[in-house]
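Just so it is clear, none of the values below were taken in a lab; they were calculated from the coordinates. What you see is a predicted model; the values in this text were computed from it and never measured. So basically every Cβ, Gly included, is an ideal-geometry build from the backbone, and we count neighbours across all protein chains shown.
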Amino acid sequence: MKKVSGRVWLLLLVMTVSVVCFVPSYQPVLQALPAWAKAVLPNKGITLGLDLQGGIHLVLEVDEDRAVEIAVDRSVNSLQDLLVDKKIPAESVKRTGPQHMTIQFQNAELKDQIRKLLDDFPSFLEVESSGSSTSVVWELREAEIKRIKDSAINQALETIRNRIDQFGVAEPVVQRQGLKQIVVQLPGIKEPKRAKDLIKETALLEFKMLDEDGQVKLQLPSRVPKEQESDVVRQFADKLPEGDQILFERVIEKDTGREYRVPYLVKKRVMLTGDVLSDARVQIGQFNDPYVSITFDAKGGVEFERITAENIKKRMAVVLDNTIYSAPVIQERISGGRAQITGTFSTQEANDLAIVLRAGALPAPLKIIQDLTVGPSLGRDSIEKGVKATLFAGILVVIFMIVYYRLSGAIADFALVLNLVCLMGALSALTATLTLPGIAGIVLTIGMGVDSNVLIFERIREELRNGKAVRPAIDGGYDKALLTIIDSHVTTLITGVALFLFGTGPIKGFAVTLCLGIAINLFTALVGTKVIFDLFNQRRKVETLSI
Amino acid sequence: MLEILGKTNIDFMGKRKIAFAFSGVMVMLGLVAVVQIARGAANLGIDFAGGTAVQLKFDQAVRIDEARKALESNGVGDAELQEFGQDNKLLVRVKASTTIEEKTAERVLGIFAKEFPNNKFVVDSSTEIGPTIGKKLQEDALIAVVISFAGIILYIAARFELRFGVAAALATFHDVLAVIGAFYVLDKEITLLIVTALLTLAGYSLTDTVVVFDRIRENLRMRRRESEETTVNNAVNQVLSRTIVTSLTVVLVLIPLTLAGGEVLHDFSLALLWGVIFGTYSSVFVASPLLLLWPGGQGRLLKRS
């Protein structure tokens, strides 16, 4: 027989380490500890999964193609500016198709002049075959498209992270998944809808001039119910002057709370975008109505001053994600780099608007392709029921083992407790996330942990039946069961590892507890219970075994 | 010494024809279910099929037919409803391969707020899954299944012999198919969680089979003049009480989990429970007799050692 004391110490060490590791998972105990202990211990233990504490899990997809279109649109804008600067009388510049822009002009002699401008747009190349003597087609280079798509997701990731930081969520997860997906996890959040809106909003802020000369402007209805937006757009689709569009302002009647839309005729050309903001804050106006005060950076401030100086007495629309917030008349040149966004919104809406403006716009719209929201009450129910069922199951097994195997059963029960302690300690040390299937995994390991002991005990009984003395029977039982236990555990471990590698979310949680549980099982069954049997045997010569 | 079974000498191998007939039926049922799942005709959970699930907890009980009427009259006709009685909980599922942009969840909430103004509710959970995600999850689940099976067959083939690996894999397939078949017949929803349960029960059933095989291997090495059939039969009888005690403890664990573990764990535990029962049966009645069917397998293990 091997020496016992070494293994007893090992067992005690493992138990102590497990308990110490588990402490950070139980905040009341952690807080009660003296300062030096807190300094030594990690301050994070087992975290509860979204299904247990409530929260949202979103998978978002960046609309990459739209990001490319937006980039081409931007180039169209700057080419228009350049043509005006160089006094080249081109007729129109338009985005045609997702990655092309077409420049049209009346005089064929302009063609060479316009071609030269391509030097200023290195990310485009001219499409040779298309176009005519009075038009040129430019195409965005493949490498550039790839770069735009790639940076779109990184930028979206960064923007979402910023917004969530400002919104204030404990331990959020914002990660890239695969090529174009972003996973956002917000545990314990109370207002899921608000958080989702905050994440999804593109928050593209634009300043555009109203078109006040067009005939169409006079024909527009003064206001429409919100469902009829698209009707109005359709009705005026072919009457709109070149380069104009219809955008709507959202108006809520203060007395009745009814929502209306006020249509405006707006020039498509973007004067300034939200890129040039350095800050956005909520302020309260003189009638107690909240508004957002924005501050431009140096370049934006100069630009804004120039635009306002050139457009005095004209109306400028403040547009966010294609909705007009306000359309004030420019009274005078505005220097100092500040402006206001007013509109009918609550303090909370103004707050969220300030957050998205500060965090910046998303490079392209996002689609939510997976949305799991768990309310806090379900999580509480689940924990309560899960824990209750686990305890009950544990007690049943403990009683069964004692009834069936008597003293040996009690030793197996000790192994069971040891198992649980080690498992919780290990989960805590790994700062694992405990999900509901994870709890099921723990319960399952309890069942399988018992299996190892049953195997050993049945073997010992057989040895005893064959007339062996107690000590050789125990040793024989352990020896013969050893290979079987290893084989059976390894096969289950293979399943667990496959689940861990390919499972997602809650299934991963299940796989983690299962794999850890199996490893710990092996230890407790082969070392834990054997030590106790050996201890009994060492003290005195045992004639009969209670099994 | 308290024993459920004493020393037994049951002729399990002699009953293999009956067992194979029964198992054949279960496997056929399972295969039908798998084909139906692949065709999308089975009750696939929204995590695979895509769609929306909203679980609400009301102040007062809501009758399921009233809820259905409310939804239908507001244009959500294709919803499936399920209630969890004692907690006034209602689960609304809308399976559709639409995008989330339609905001089905918000629509459902709006309808209940409008139609049941005096019965307040809180949202327990809301799940919306786009069809692309469902595809990905299906693929991932399939990969997990294939990899774990390949790994297990390889491991057993290495530790024992090829015929043991194949018999164990077939018996495990049998258990998984039987549970899938049972779920299909009862029109239970196949969710990602159920797939997890299936993989777990595959692992469990294998464990069980390995224990029996281990004893068969041991006895084959020591045998003198008995036929292979007798050797296998003796081995099964020798480990029978262990097989039953083990299954009993796992069943003892799973029953409270099924009955009181809450709605999320119910189907999961139920799948495991059936799995344990089938797994125990198959180790004795399927895996072991399959060893005897292997052509020319007589005594090879004996020579090898």
Notebook entry, point to check: For region A:142-206 and region B:221-241, what is the separation of their C-alpha centers, rounded to whole Å?
Noted result: 63 Å
Margin query: Once you keep just the Cα pairs under 8 angstrom separated by 6 or more residues, what percentage relative contact order results for region A:1-123?
Written below: 14 percent
Checklist line | Among A:105, A:70, A:121 the positive-end extreme of the charge dipole of region A:66-141 (Cβ point charges) | finding: A:70
Next item on the list: Quick one: what are the phi-derived ³J(HN,Hα) couplings along region B:250-262, Karplus 6.51/-1.76/1.60 with θ = phi - 60°, whole Hz, x for glycine and proline?
Entry: 5, 5, 4, 6, 6, 4, x, 5, 6, 7, 10, x, x
Check: Relative to the longest principal axis of chain A, what angle (0 to 90°, nearest 10) does the C-alpha long axis of helix A:298-310 take?
Finding: 30 degrees
Item checked: Counting all C-alpha pairs of region A:66-141, share separated by more than 18 Å (%) -> 30 percent
Notebook entry, point to check: Which one of A:496, A:527, A:513 has its Cα pushed farthest toward the positive end of the charge dipole of region A:474-542, where Lys and Arg give +1 and Asp and Glu give -1 at the Cβ?
Noted result: A:527
Check: Do any trypsin sites (Lys or Arg not before Pro) in region A:51-145 lie in a loop, going by DSSP, with at most 10 other beta-carbon atoms within 10 Å of their beta carbon, and if so which?
Finding: A:87
Next item on the list: Multiply the residue separation of residue A:333 and residue A:262 by 0.36 nm, subtract the distance between their alpha-carbon atoms, and state the gained length in nm to one decimal.
Entry: 22.9 nm
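Can you pull out the trypsin sites (Lys or Arg not before Pro) in region B:1-71 whose DSSP state is coil and whose Cβ has at most 13 other Cβ atoms within 10 Å?
Details: sites: B:7, B:15, B:16, B:17, B:39, B:57, B:63, B:68, B:69; in loops: B:7, B:63.
Qualifying residues, ordered by number: B:7, B:63.
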Next item on the list: As a check on your grasp of the helix formula, calculate [θ] at 222 nm for chain A: sum -39500 (n - 2.57) over DSSP H runs of n ≥ 4, divide by the residue count, round to the nearest 500.
Entry: -17000 deg cm²/dmol
Next item on the list: Report, to the nearest 10°, how far helix A:347-359 tilts away from the longest principal axis of the Cα atoms in chain A, using its own Cα long axis and a range of 0 to 90°.
Entry: 90 degrees
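How high is the FRET efficiency from residue A:229 to residue A:162, r the C-beta distance, R0 45 Å, rounded to 0.05? Before the final figure, lay out each step's value.
On the way: r = 31 Å, r/R0 = 0.68.
With a Förster radius of 45 Å, E is 0.90.
For a 30 Å ceiling on Cα separation, which of these pairs sit above it: A:116/A:239; B:57/B:103; A:190/A:388; A:94/A:239? Can you show the working numbers first?
Working: A:116/A:239 35 Å; B:57/B:103 20 Å; A:190/A:388 26 Å; A:94/A:239 18 Å.
Going by Cα-Cα distance, A:116/A:239 fall outside the 30 Å limit.
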Check: How large is ³J(HN,Hα) for each residue in region A:137-143, as worked out from phi by the Karplus curve 6.51 cos²θ - 1.76 cosθ + 1.60 (θ = phi - 60°), to whole Hz, x for Gly and Pro?
Finding: 10, 10, 10, 6, 5, 4, 4
Note to self: For Cα pairs less than 8 Å apart in space and 6+ apart in sequence, what is the mean separation divided by the residue count of chain A, i.e. the relative contact order in percent?
What the structure shows: 19 percent
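Quick check on the protein assembly as shown: what are the equivalent-ellipsoid semi-axes from the Cα gyration tensor, as sqrt(5λ), descending, whole Å?
Semi-axes from the Cα gyration tensor: 67, 29, 26 Å.
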Next item on the list: Report, to the nearest 10°, how far helix B:192-222 tilts away from the longest principal axis of the Cα atoms in chain B, using its own Cα long axis and a range of 0 to 90°.
Entry: 10 degrees
Notebook entry, point to check: Based on the alpha-carbon gyration tensor of region A:201-359 and its eigenvalue square roots a ≥ b ≥ c, which shape applies: rounded if a/c is under 1.5, prolate if not and a/b is larger than b/c, or oblate?
Noted result: oblate
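Region A:300-337: which trypsin sites (Lys or Arg not before Pro) are DSSP loop and have at most 16 other beta-carbon atoms within 10 angstrom?
Working: sites: A:306, A:313, A:314, A:315, A:333; in loops: A:313, A:314, A:333.
Those satisfying the criteria are A:313, A:314, A:333.
Over region B:170-305, what is the relative contact order in whole percent, taking alpha-carbon pairs under 8 Å and six or more residues apart?
Working: 125 pairs, mean separation 53.4, N = 136.
Relative contact order comes out at 39 percent.
Can you give the net charge of the other residues whose Cβ lies under 15 Å from the Cβ of residue A:115, counting K and R as +1 and D and E as -1?
Details: positive: A:86, A:111, A:116; negative: A:109, A:112, A:119, A:120, A:126, A:128, A:139.
Around residue A:115, the surrounding residues sum to -4.
Efficiency by 1/(1 + (r/R0)^6): what FRET value for residue B:84 and residue A:273, r their Cβ-Cβ distance, R0 = 51 Å, to the nearest 0.05?
Working: r = 50 Å, r/R0 = 0.99.
In this case the efficiency is close to 0.50.
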Notebook entry, point to check: region A:380-425 to region A:6-28: how many Å between their Cα centroids?
Noted result: 18 Å
Check: What would the Debye formula give as log10 I(q)/I(0) at q = 0.07, 0.10 Å⁻¹ for the alpha-carbon point model of chain B, no solvent?
Finding: -0.37, -0.66
Item checked: Over 24 Å between alpha carbons, listed pairs A:226/B:95; A:367/B:114; A:146/A:367; B:69/B:120 -> A:226/B:95; A:367/B:114
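For residue A:32 and residue A:414, FRET efficiency with R0 = 41 Å and r from the beta-carbon atoms, rounded to 0.05?
The pair residue A:414/residue A:32 has a calculated efficiency of 0.90.
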Margin query: Show me, for region A:411-417, the HN-Hα J-couplings you get by feeding each phi into the Karplus relation (A = 6.51, B = -1.76, C = 1.60, θ = phi - 60°), rounded to Hz, glycine and proline as x.
Written below: 5, 4, 5, 4, 4, 4, 5
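Assuming 0.36 nm per residue, please report the length gained on full extension of the stretch residue A:538 to residue A:377 beyond their Cα-Cα distance. Could you put the intermediate results ahead of the total?
On the way: separation 161, 0.36 × 161 = 57.96 nm, distance 5.37 nm.
Length gained, residue A:538 through residue A:377: 52.6 nm.
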